[in-house]
Amino acid sequence: MKMIFLSRIQANDSDKQLKVIDQLCDLLESYEYCNENIEGIEDILTFLLEKLKTDLDDTIKSKKTEVMVLVFMYQKITDYTLDLTGLDIDNLGNYALSNLLEVIGYSKQTNSLFLLEKYKNHSNALVREAAYMAISEINI
C-alpha cells in the first residue's frame, strides 16, 4: 500500500497527484471505525510533510495537509514527531496553514506552542480557529 501510494503521488502531473491524494483521503475516512492503522501510515505522513516543503502548487499543498489531518483523526498516531524544519509556514495558503496547525495540535507537540500562539491573532478566522483548537488539543 505504502509503496503504491508513494510511487503514484510523485507524478509530475498535478491532476494525477490530486487523484491519488483524493483516493488516500477516501481510504483514511474508511478507517474511521477500524481498530488498526494503514500499514506504513507514518512513512506516508513523513513523505507528505517533506513534499510540502518543496511543493509550489497551493491546491496540492492544501490537499496534502488535508490528508495529514485525516491521518491524525482516523489513525492511532501516538508517537510521531513533526519535523517542520525547512517548511515556510508563513507562505502556506490559509487553508493549508489551518490544516497544518490542526496537525500540530493532534500531534501534541508542546514545543510548537509558541508557533500556535503566533497564529491566534492571524487575519484569517479559519487560521485563528485552528490555532486555538490546536492549543487546546495539546493542553488536554
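The values are calculated or read from the model by the stated rules, or taken from the named source; none is laboratory data. Note that the coordinates shown come from a computational prediction; the quantities given were computed from them, not determined experimentally. Glycine gets a Cβ as well: all are built from the backbone with ideal geometry, and neighbour counts include every protein chain shown.
Being assigned to a helix (DSSP H, G or I), out of contact with any Leu (no Cβ under 7 Å at 6 or more places or on another chain) and over 20 Å from Asp83 (Cβ atoms) is the filter here, so list the residues in segment 131-140 that pass it. Passing the criteria: Tyr132, Met133, Ser136. Does Ala130 count as among the small types (Gly, Ala, Ser), under 13 Å from the mean Cα position of the chain (by Cα) and modelled with pLDDT of 90 or more? Considered against the rule, which asks whether it is among the small types (Gly, Ala, Ser), under 13 Å from the mean Cα position of the chain (by Cα) and modelled with pLDDT of 90 or more, Ala130 comes out as yes.
Arg128 meets the conditions (1) part of a loop (DSSP other than H, G, I, E, B); (2) in contact with a His (Cβ under 8 Å, 6 or more places away or on another chain) in every case but one. The failed one is (1).
Taking first residues from segment 34-46 that are over 22 Å from Leu84 (Cβ atoms) and partners that are hydrophobic (A, V, I, L, M, F, W, C) and not in a helix (DSSP H, G or I), the Cβ contacts under 7 Å between residues at least 6 apart in sequence or on separate chains come to Ile38/Met1; Glu39/Met1. Search segment 3-53 for residues being of a type in the set (Ser, Thr, Tyr) and modelled with pLDDT under 85, and hand back the single one that is surrounded by the most Cβ atoms within 10 Å (Cβ to Cβ). The extreme case among them is Tyr31. Taking the criterion of being of a type in the set (D, E, K, R), within 17 Å of Asp79 (Cβ to Cβ) and outside any loop (DSSP other than H, G, I, E, B), the only residue of segment 20-42 that qualifies is Glu42. Which residue is nearest to Met68 (Cα to Cα), if the candidates are limited to segment 91-127 and must be over 13 Å from the mean Cα position of the chain (by Cα) and aromatic (Phe, Trp, Tyr)? My answer is Tyr119.
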